[in-house]
Structures are given as C-alpha cells and as structure tokens.
Amino acid sequence: MFKNDTLELCQPDLIDILGQWQTYLKVEKNVSPHTLRAYISDISQFISFLSQHHTKALSINDLSDTAVRDFRAWLSQKAAKGNSAASRARSLSGVKNFLTWMDKQGIAHTASTAIIRAPKLPRKLPRPVQEGQAFTLLENLPAESWTDLRDKALFTLLYGAGLRIDEALSLNIENWPSPPYPPASGGEDAQRQGGSTFLRVIGKGRKERQVPILEEILPTIETYRDACPFPEEPDRALFLGARGKRLRQQIAQKAMRTLRVSLGLPENITPHALRHSFATHLLQNGANLREIQELLGHASLSTTQRYTDVNAQELLDIYKKSHPRA
C-alpha cells in the first residue's frame, strides 16, 4: 500500500489511479508481494522527487508531462545517493511499468518513456555451487529436530529439481503425492510418468511447468512430514516455520547462512544458488539448453544460455591456472 506521506504529494485524480494500478498488479498480474512492494517503492520515490521538483502536489497531467531531463535528473540523484546501476535500472522499470499501464488504459500518455534508457548493466553470471560443495552441504545437514529435517528436505528439493525458493515455499500438501506414489488421476499436481514422479509448478507470471522429482528427493520430504508436529490439511503449506505458518524466505536464507558457516562453505552458497547449480551441473553432464529451459521455466532461451557462459568461464579459469604460458 502507498503510504500517507506519498499520497499527500498527489492530487485526488492521481491517488485514484494509483489505487487502480495497485489492484491491477495484485489481481490481474498476480505479482509477488516482493515485486509489489518494489514497484510501490519505486513510484513513491519518483513522486517524491517530482513533487519537490515542481514544488506542488502532482496530478496525472504532471506525471504524464515528465520529460527525459526529469528522468535523468531523478536517476542522477539516485546515483549520487549511492544506488547501483542495477538498482537504478530496476527503479526506472517500475516507474515505466506504471506509466505504460496508464497509456494502455487510455488515462495518459508519457512520450518520454519510449526515449529514456536504463543504465547499462554489466552481464552478471550465475554463481553455481561446485558439485562437491553441493554434496557436502546436503550430506552433512543436521537432523536433530523437525526444522533440521525441513531444511534438508527444502534444500534437497531446490538442488534436485531446480525450483525457485518462492516456488518451493508456495507448495501445499495437496501439491505433493503421498506414498506409495500411485499413478495420478486428472486433477492432481504430481503424477507418475515412466517410473518418475512429476510435480506441477506454478512459476513466474503464473506459468505452469512439469518438473520431474528424483527418487532421492522423495524420502527427505516424507521424513520431514512425519516429524513435523503440525496436522496436515490439503491446503496447508508443505514447508512450515516454527510456529506452524508458511515458511518465509528470510528464515530459509538464515538457515542456509548458519549451515554454510558450520560446514566452512563459501558465501555464494545460497538457496537460489542451488537452482543455478542444478542447471549448471545438468549442462556439464550432457543436458541440452532446451531441456534445461523447460526444467527451469525460463520464458526465453537467452536466459538459460547464461549457463553456457558459466562453463566457458570455468574452462578459462582452468586454462589460466594450468597452461604454462598463461
């Protein structure tokens, strides 16, 4: 929700449109809570800047009249405050999302959105975990409490199936098959196909994909479920926090940091790095990019191609370390 100090900088017509856009993001686009907060923060900062620039509360017309120089001044101010190029690019994207939505709704047209360009970003490669480090992590996870077993089940699923952390934490009991994993009927989310269990995953943009679940993953999930002290209902979250609510990403990330320190593993080992590792290790062992794209749920093959860059960089590092003339 937009805060009062932002709404005080807006005239009534803009306040009404901001509410409509927020509803559109939540209901029609079904963006994640994290994305919604980021967009609202971006627009709030932009409104604050323009309001100070024009020394008045803004109307829809004021916003649609934003010139390229205004965008550049705003981005320059963010740079002066220490915001990285990635942060500035993301903020600009959030603002352009709102202005483009207004244009499509016939509310207002902002010509400068087609001209202003985001700061150029360096190409950032994924940082996968080495195979040995992944095995060290998963084989040495503690199993003293039900939350330890939960973490083991979650991290094994992330590495074994390449799920995003929010995809895994969004799973409910009804999304997971029960032993002895019989053939699924029409409406179930997981099914047996050719001796493998498949899980229906809802990813970014509500896009659905089928992900095969390795046999090694299944017992870790069942062991955790048996130890979990909270009763199971079909619509209950699969992964729970200590108080019986759906496990939050921050708690999973904190658990990973603790494990990382205790096992002496590098800082790049995060829940999301396990997904990168899933893709990189498949590629190293002969999977093709199209297959990996389907498993990861990438909309574009160009996104998946980053993993070929990772392997090329590894080869270059080996060459520089090993070649006598390097």
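Derivation of every value follows stated rules applied to the coordinates shown; laboratory data play no part. Since the model is a prediction, treat every value here as computed from it, not as a measurement. Counting neighbours? That spans all protein chains shown, and the Cβs are built from the backbone with ideal geometry, glycine included.
Tabulated data for the structure shown
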{"item": "Nearest-0.05 FRET efficiency for Ile115 and Arg37, computed from C-beta distance (R0 35 Å)", "result": "0.80"}
{"item": "Calculated SAXS-style log₁₀ I(q)/I(0) at q = 0.14, 0.21 Å⁻¹ - region 131-271, Debye, Cα scatterers", "result": "-0.65, -1.44"}
{"item": "Ordering of 220-228, 164-172, 240-248 by burial proxy (mean other Cβ atoms within 10 Å per residue, highest first)", "result": "164-172, 220-228, 240-248"}
{"item": "Protection-proxy order for peptides 74-83, 59-68, each taking the mean of Cβ atoms within 10 Å per residue, highest first", "result": "59-68, 74-83"}
{"item": "Chain lengthening between Asp166 and Ile15 when straightened (0.36 nm per residue, less Cα-Cα)", "result": "51.2 nm"}
{"item": "Ranked by how many other beta carbons lie within 10 Å on average, peptides 3-12, 37-46 from highest", "result": "37-46, 3-12"}
{"item": "Pairwise label distance in nanometres, Gln210 with Thr100, each label 7 Å out on the Cα-Cβ vector", "result": "3.3"}
{"item": "Neighbourhood net charge (14 Å Cβ-Cβ; Lys/Arg +1, Asp/Glu -1) for Leu259", "result": "0"}
{"item": "Glu8 versus Arg248: modelled label distance in nm, points set 7 Å from Cα along the beta carbon direction", "result": "2.8"}
{"item": "Over 18 Å between alpha carbons, listed pairs Lys29/Lys78; Lys78/Lys204; Lys78/Lys120; Lys78/Lys104; Lys204/Lys245; Lys26/Lys120", "result": "Lys29/Lys78; Lys78/Lys204; Lys78/Lys104; Lys204/Lys245; Lys26/Lys120"}
{"item": "Length-normalised contact order of region 1-155 in % [C-alpha pairs under 8 Å, at least 6 apart]", "result": "21"}
{"item": "Convex hull of Cα atoms in region 4-114, direction-averaged projection (nm²)", "result": "6.8"}
{"item": "Cα-based reach from Lys56 at 19 Å (exclusive), listing lysines while leaving out same-chain residues under 8 positions away", "result": "Lys3"}
{"item": "Gain on full stretching of the segment that runs from Ala67 to Glu222 - 0.36 nm per residue minus C-alpha separation", "result": "50.0 nm"}
